[in-house]
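A short write-up of the structure that comes next.
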Amino acid sequence: MDLDLPINNGVIDDNQRLIKSLPTIKLLLEKECRIAIIGHRGRPNGRDEGLSLKPVYLELMTLLEPNGENMIESVFVEDAGRREVLDQALATNQIVVLENLRFWKGEESNDPDFLRGLVEVCQFYVNDAFAVAHRKHRSIMLYKNMPGFYGLSFIEEAEKIRKLIESPNRPLTVILGGAKEDKLKYLEDLIKIADNILVGGKLPNLPRPLFDERGRKVLFAKLREDGLDLSGEDIRRFCEQISSSNMIVWAGSMGKYEDDNCKIGTEAVARAVAENGGYKVIAGGDTAASVMNLGLKEKIDFVCSGGGVMLEYLTKGKLPAWGE
């Protein structure tokens, strides 16, 4: 599942990634399945209790049992590697949530020995983690080791993004932000797809403005002096471009969104996107949280659970989670 929720000062800002997978979980429980739930949070370097999935597990169980009836037997398991621990947990519980898989190097290196115990005690693999479907990590590649299926939310998200590829409404504006530099690797391909690209967040500090042979513009924010949010001029230029677009794809906040003093740019862009009359797709935890906090979610056509996967699918037309 997509378990990488935005959590600030111990408070979950947005639990939509859990909510979208509830139908798949409930379907499996109705079929009397026992479920081991795996996923990750953040990018830890080894075990980091600040990035534990324990609060995510507690939130998930609250969503599944909103009245606190405790009808579902569940447990949180800190050891992802020992078969006997996993076997016992699944033998006595309907839902078992494992600790952050990125605490172990085998997850990102796609080590075939990592999660071997889980593969041996489970019969089927269900991928409902669309946000990381572009990663060649162990948890995504498990379909190679056992019968694999896709969750209901995964299927829905893939179908909606495919519509963007097949019939874009122009002018199409792509907005990139956040702090993850890997978004920049999609710029060259996005120039071929989009009519305009607006770049905020940490990303303008890395590349320089680009123009392709057709004059399509990549507009990098100048940012305010501390580099932590859009400047007033950036907001004006970005909002003007957004208002003249017929389709908008937005991935990543425009500043250090977790800081209350750095939310102005993100919230201004969120309002401009929401007010646009075209087709609007947003992705990423902080991006979705900004729209939710402003009460604008109903004005967004589609909220994709991950910015990276959306950009990968838009530019490549395929994902590692679908097989080679």
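Annotations
- Linear extension gain, K299 paired with D189, 0.36 nm per residue minus alpha-carbon span: 36.8 nm
- Inter-site label distance for F149 and W322 at 7 Å from Cα along Cβ, in nm: 2.1 nm
- Inter-part distance where the range 66-103 and the range 3-19 are each reduced to a Cα centre, Å: 20 Å
- Pairs from K222/K263; K185/K318; K222/K256; K105/K136; K202/K263; K54/K105 whose Cα-Cα separation, in the structure shown, is over 18 Å: K54/K105
- Amide H contacts of I175: L198, V249, W250, A251, each under 5 Å away and 5 or more positions distant or on a separate chain (H built 1.01 Å from N in the peptide plane; Pro and chain starts excluded).
- Rounded to the nearest 5, the antiparallel percentage of DSSP beta bridges internal to the chain is 10%.
- For the range 1-77, applying the loop criterion from DSSP together with a ceiling of 16 other beta carbons within 10 Å to the trypsin sites (Lys or Arg not before Pro) yields K31, R47.
- Helix-only arithmetic for the chain: the sum of -39500 (n - 2.57) across DSSP H runs with n ≥ 4, divided by the residue total, places the mean residue ellipticity at 222 nm at -9500 deg cm²/dmol.
- If the segment from C33 to N15 were pulled out straight at 0.36 nm per residue, it would be longer than the present Cα-Cα gap by 4.1 nm.
- Taking trypsin sites (Lys or Arg not before Pro) across the range 246-324, the ones in a DSSP loop with at most 12 further Cβ atoms lying within 10 angstrom of their Cβ are K318.
- Among I175, I38, I155, the largest mean-square fluctuation in a Gaussian network model of the chain (Cα springs under 10 Å) belongs to I155.
- Sparse-neighbour loop sites [trypsin sites (Lys or Arg not before Pro); the range 50-123; at most 14 other C-beta within 10 Å; DSSP]: R82
- Only Cα pairs under 8 Å and 6+ residues apart enter the sum, and on that basis the relative contact order of the chain stands at 16 percent.
- Counting all C-alpha pairs of the range 246-308, share separated by more than 18 Å (%): 24 percent
- Cα gyration tensor, the range 7-151 - rounded (a/c under 1.5), prolate or oblate: rounded
- Placing dummy labels 7 Å off each Cα toward the beta-carbon, the span from K163 to L63 is 2.2 nm.
- The slack in the chain from E275 to T92, taken as 0.36 nm per residue of separation less the alpha-carbon distance, amounts to 60.8 nm.
- Global form of the range 160-316, assessed from the alpha-carbon gyration tensor, a/c cut-off 1.5: rounded
- Euclidean distance of C-alpha centroids, the range 211-278 and the range 290-324, integer Å: 17 Å
Each reported figure results from applying straightforward, stated rules to the coordinates on display, with no laboratory input. None of these values were measured; they are calculated from a predicted model. Cβ atoms come from the backbone with ideal geometry, glycine included; neighbour counts cover every protein chain shown.
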